[in-house]
Amino acid sequence: MNKIISEIETNETNPILRNLNIEQRKAVLAVEGPVLIVAGAGSGKTRVLTHKIAYLIDIGIPPQNILALTFTNKAAQVMRERISLLVNPEASKRIWAGTFHSIFAKILRFEANAIGYSSNFSIYDTDDSVNIIKRILEGYSISNNRLTAETIHHIISLAKNKVLSPEEFARTSSTPIDRQVADIYKEYQDYLHQNNAMDFDDLLVNTYELFRSYPEILHKYQERFTFILVDEYQDTNKVQYLVLKQLSSKYRNITVVGDDAQSIYRWRGADIRNILDFQKDFPDSKIFRLEQNYRSTKCILSAADSVIKFNKKQIEKKLWTENEDGELIEVFQCENEKEEANLVVKTIKSLVDGGKFSFGDIAIFYRTNAQSLEFENALRRENINYVVVGGLSFYKRKEVKDVLAYLKLLVNPNDNEALIRIINEPPRGIGKITLAHLMNYAKERKISIFEALGNIDEISNLQNRAIGVLKDFRNWLLRTVDKLNEKVGIADTIYQYIKESGLISMYEEIGTDDAYDRLENINTLLTDIYDFLTRNENTDLYDYLQQISLISDIDEKNIATEQVKLMTLHSAKGLEFPVVFIVGLEQGLFPLIRYKSKSNEDEEEERRLFYVGITRAMKKVYLTYALVRHRFGDESYQVPSKFLQEIDNKYLLVHTESRRKTITFVDRPKNAFDYKDDFNDFDQTEDNTLKIGDKVLHPFFGIGRVEHLEGSGNFAQALVNFDSVGRKRLMLQYAKLKKV
């Protein structure tokens, strides 16, 4: 240790080392052998990485022998620019710096012949890949064609990230759908090879196979890349990990920089074990912890640290800062999602009116895309500019536009654009040729496509099956229009109509995380329609669609630089803002609990996501949760997130201003949140196994009957119709239900 400090002191005159803190300098000076740099949030990891590369060049390492791998082209460009300011700009150009995909593509261009490709191979992006799979799908019948090309591409991508060939994937397939996907995977891969093409994942897999099959080629690149540096190592997947092990196995001069506490991409293949097990892979590795944070206040960092310590799988570290103590984190209990959105917007206005912050300084983070709607609506009402970062505004999302197209047809069956959008969404077997015949018939007679459906028997060249489907579609639409015209139970009619469309069952059947997100967006839209019709007397579906159209028009024109940022917590990684709101902190929503959740790994990743959200903030953090959330007329009784309970109480200022106080806040040294409610002594029966139809007693809502059950274990939920308050969705581990 003394020797290292002596070297640091001796090198203080070196401009490359001058502006680094002690730990950063140690990491830069650790030139030989494997090095793990655990870089906490806001600790200057990019600075260390670039300065280390500059230092390697400065001490005589040829730039062309340095490989620097990043996850984005922007990060690689920033790295090059910063290095060029520290050393000869010409030297920085000779470094092999880029994303995993770009660097591996470069290698494959040189070595393509060895694996049966020519050097001019094409690289297919995601859209290209999905379009190929769509064409392949035309020859298959998978669960009524409800498994989309996008979903199949995602499954294939995950398989490749795990280095599973089509044959290996087929051997591990356990369901009929998996086996059919395996067939498509094989056909897709054959098509790529026949076309001398690779997709993004092939760039990784083929590099691994190249090095594995041809030791002499691997040796060539081991000699080329004698020093390897990797950014965001916690985000690497299995195949990236394997290639890095191959390349670094000879000289072992590999430096990886990352933060296990910010590993939040397991759903797309990232494996936190890569960083957690680095010291097992390299027992002689040196580890440096960058714990000084330059971004946040002491209060924000301490609160984040008090939460992340509950994760068992982590590399020990504790962030600290020389910044000011800062203000306490404010927590707001809200009656429901609308009160939550209004409170957040009111607080934003107050912050800006106070003169310390601008709208551009403020970000709202949420766990699921569907949550953005209430905040978008509330911001619009106050004429506050906003932008949805890393995603689409709520009404521009595909599944939302699909539902709106269905609804537009109800008020105007002659809307050709709406009909074309949804006539085969979800798939009904209406092919492009059938649709072309319909459109030509309508165009020749100057009528709408829907009117053409009324004359379906007159249209030539249509198959009998298609005629039957189109007749059923037209009759179903007309029946729904008749129901709407009765002006009774409009909201229920709309819900039943969308349910009968097949959109909801399609996404339920797909069952991926993306499908659940789309389902949540559909349910949020239907809930918004229900609320609109309930709040506004003498209105109908046409009125709702009209105001949506006006909102969409405003969206296109209302562009400003000073905008409140809305985004999911995943999109927030790598960003920073003076003021951060994290909303929807309720058990089941954040942490998000999917029905497939099976282990603590899901909860630990959710906790890391919360940690990422808090540590984006520089000055102020606000946390909010709702006691009740609505789902198309049903009330779901919510429980505050366990993450709130995990924050040390001394860093919180808790507001409980909601009219319905159901949570008891206990003033105690550690936790501000106590899950015990006002009827804590209400005992459940020992035999608490419920089934649909059971009559139950709730200590607050009284007598009800179970209408639906889902999930299992700690994630089990029940939809109960209570005599006193109607339907409520309850988490059974908190609900205190007793069979009657």
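All conditions but one from (1) closer than 30 Å to residue 542 by Cα; (2) part of a helix (DSSP H, G or I); (3) open to solvent by less than 50 Å² (accessible area, probe 1.4 Å) apply to residue 420; the one that does not is (3).
Out of 528, 513, report the one residue that is within 36 Å of the chain's Cα centre (by Cα) and within 22 Å of residue 148 (Cα to Cα).
Of 528, 513, the one residue that is within 36 Å of the chain's Cα centre (by Cα) and within 22 Å of residue 148 (Cα to Cα) is 513.
Beta carbons closer than 8 Å, at least 6 apart along the sequence or on distinct chains, pair a first residue in segment 464-478 that is at negative phi with a second that is of a type in the set (Asp, Glu) and in a helix (DSSP H, G or I) for 467/457; 476/500. With respect to residue 315, determine if the residue is assigned to a loop (DSSP other than H, G, I, E, B), among the aliphatic types (A, V, I, L, M) and either touching a strand residue (DSSP E or B) at 6+ places or on another chain (Cβ under 8 Å) or surrounded by 18 or more Cβ atoms within 10 Å (Cβ to Cβ) (or both). Yes: the conditions hold for residue 315.
Candidates are the residues of segment 578-587 that are surrounded by 21 or more Cβ atoms within 10 Å (Cβ to Cβ) and in contact with a helix residue (DSSP H, G or I) (Cβ under 8 Å, 6 or more places away or on another chain); the one that is nearest to residue 644 (Cα to Cα) is 585.
Residue 317: over 25 Å from the mean Cα position of the chain (by Cα) and modelled with pLDDT under 95, yes or no? In short, yes.
Taken as a whole, segment 448-456 holds at least one residue that is out of contact with any Lys or Arg (no Cβ under 8 Å at 6 or more places or on another chain) and open to solvent by less than 50 Å² (accessible area, probe 1.4 Å).
Yes/no per residue for (1) in contact with a Gly (Cβ under 7 Å, 6 or more places away or on another chain); (2) at pLDDT 90 or above; (3) not basic (Lys, Arg):
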site: 484; (1), (2), (3): no, no, yes
site: 487; (1), (2), (3): no, no, no
site: 493; (1), (2), (3): no, yes, yes
site: 499; (1), (2), (3): no, yes, no
site: 510; (1), (2), (3): no, no, yes
site: 515; (1), (2), (3): no, no, yes
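Every residue in segment 222-236 that is touching a strand residue (DSSP E or B) at 6+ places or on another chain (Cβ under 9 Å) and not basic (Lys, Arg), please. The answer is 225, 226, 227, 228, 229, 230, 231, 232, 233, 234, 235, 236. For residue 503, the test of being open to solvent by less than 30 Å² (accessible area, probe 1.4 Å) and modelled with pLDDT of 90 or more is passed. Checking each residue of segment 32-46 against the condition of being at pLDDT 90 or above, surrounded by fewer than 21 Cβ atoms within 10 Å (Cβ to Cβ), touching a helix residue (DSSP H, G or I) at 6+ places or on another chain (Cβ under 6 Å) and not β-branched (Val, Ile, Thr) gives no match.
Quick check on segment 68-79. Is at least one of its residues surrounded by 18 or more Cβ atoms within 10 Å (Cβ to Cβ), at pLDDT below 90 and within 24 Å of residue 14 (Cβ to Cβ)? Yes: one or more hits. The residues of segment 246-276 that are of a type in the set (Val, Ile, Thr), under 27 Å from residue 26 (Cβ atoms) and part of a loop (DSSP other than H, G, I, E, B) amount to a single one, 272.
Give me the residue from segment 552-577 that is surrounded by fewer than 17 Cβ atoms within 10 Å (Cβ to Cβ) and either at pLDDT 90 or above or aromatic (Phe, Trp, Tyr) (or both) and, out of that set, farthest from residue 326 (Cα to Cα). Selected residue: 575.
Evaluate the following for residue 296: is it of a type in the set (Ser, Thr, Tyr), touching a strand residue (DSSP E or B) at 6+ places or on another chain (Cβ under 8 Å) and not in a loop (DSSP other than H, G, I, E, B)? For residue 296, the condition - of a type in the set (Ser, Thr, Tyr), touching a strand residue (DSSP E or B) at 6+ places or on another chain (Cβ under 8 Å) and not in a loop (DSSP other than H, G, I, E, B) - is not met.
Does residue 443 satisfy the condition of being on the phi < 0 side of the Ramachandran plot, loosely packed, with under 15 Cβ neighbours inside 10 Å and in a helix (DSSP H, G or I)? For residue 443, the condition - on the phi < 0 side of the Ramachandran plot, loosely packed, with under 15 Cβ neighbours inside 10 Å and in a helix (DSSP H, G or I) - is met. In the set 582, 593, only one residue is among the aliphatic types (A, V, I, L, M) and at pLDDT 95 or above; that residue is 582. The single condition from (1) surrounded by 14 or more Cβ atoms within 10 Å (Cβ to Cβ); (2) farther than 24 Å from residue 236 by Cα; (3) over 23 Å from the mean Cα position of the chain (by Cα) that residue 149 fails is (3). All conditions but one from (1) in a helix (DSSP H, G or I); (2) in contact with a Ser or Thr (Cβ under 7 Å, 6 or more places away or on another chain); (3) crowded, with 17+ Cβ neighbours inside 10 Å apply to residue 228; the one that does not is (1). Of 159, 149, 197, 170, all but one fail to be aliphatic (A, V, I, L, M), touching a strand residue (DSSP E or B) at 6+ places or on another chain (Cβ under 6 Å) and modelled with pLDDT under 95; the exception is 197. For segment 253-269, a residue qualifies if it is open to solvent by 10 Å² or more (accessible area, probe 1.4 Å) and under 25 Å from the mean Cα position of the chain (by Cα), and the qualifying residues are 262, 265, 266, 267, 268, 269.
Could you list, in sequence order, all residues of segment 604-619 that are of a type in the set (Lys, Arg) and either open to solvent by less than 10 Å² (accessible area, probe 1.4 Å) or under 15 Å from residue 40 (Cβ atoms) (or both)? 607, 608, 616, listed by residue number.
Filter segment 369-412 for residues that are assigned to a loop (DSSP other than H, G, I, E, B) and open to solvent by less than 30 Å² (accessible area, probe 1.4 Å) and give the result. Give the steps one after another, and end with the answer.
Restricting attention to segment 369-412, the residues satisfying the condition of being assigned to a loop (DSSP other than H, G, I, E, B) are 382-385, 389-393, 397, 412.
Listed by number, the residues that qualify are 384, 393, 397.
Residues that are open to solvent by 80 Å² or more (accessible area, probe 1.4 Å) and among the hydroxyl-bearing types (Ser, Thr, Tyr) within segment 279-312 comprise just one, 294.
Within this structure, residue 257 passes the test of being touching a residue at least 40 places away in the same chain (Cβ under 8 Å) and within 27 Å of residue 55 (Cα to Cα). Can you name the residue in segment 324-342 that is open to solvent by 30 Å² or more (accessible area, probe 1.4 Å) and assigned to a helix (DSSP H, G or I) and, of all such residues, is nearest to residue 645 (Cα to Cα)? This residue is 339.
Only residues that are closer than 18 Å to residue 291 by Cα, outside any helix (DSSP H, G or I) and touching a residue at least 40 places away in the same chain (Cβ under 8 Å) were counted in segment 14-24, giving 1. In segment 343-363, is there at least one residue being over 30 Å from residue 454 (Cβ atoms), surrounded by fewer than 20 Cβ atoms within 10 Å (Cβ to Cβ), in contact with a Leu (Cβ under 7 Å, 6 or more places away or on another chain) and not acidic (Asp, Glu)? Scanning segment 343-363, I find at least one residue that is over 30 Å from residue 454 (Cβ atoms), surrounded by fewer than 20 Cβ atoms within 10 Å (Cβ to Cβ), in contact with a Leu (Cβ under 7 Å, 6 or more places away or on another chain) and not acidic (Asp, Glu), so the answer is yes. Once segment 709-724 is narrowed to residues that are open to solvent by 70 Å² or more (accessible area, probe 1.4 Å) and over 26 Å from residue 600 (Cα atoms), the residue that is modelled with the highest pLDDT is 723.
The values are calculated or read from the model by the stated rules, or taken from the named source; none is laboratory data. Please read all numbers here as calculations on a predicted model, not as lab measurements. Don't worry about glycine lacking a Cβ; one is built from the backbone with ideal geometry, like all the others, and counts go over all protein chains shown. SASA here: full protein model, heavy atoms, side chains in, ligands and nucleic acids out. Shrake-Rupley method; radii C 1.70, N 1.55, O 1.52, S 1.80 Å.
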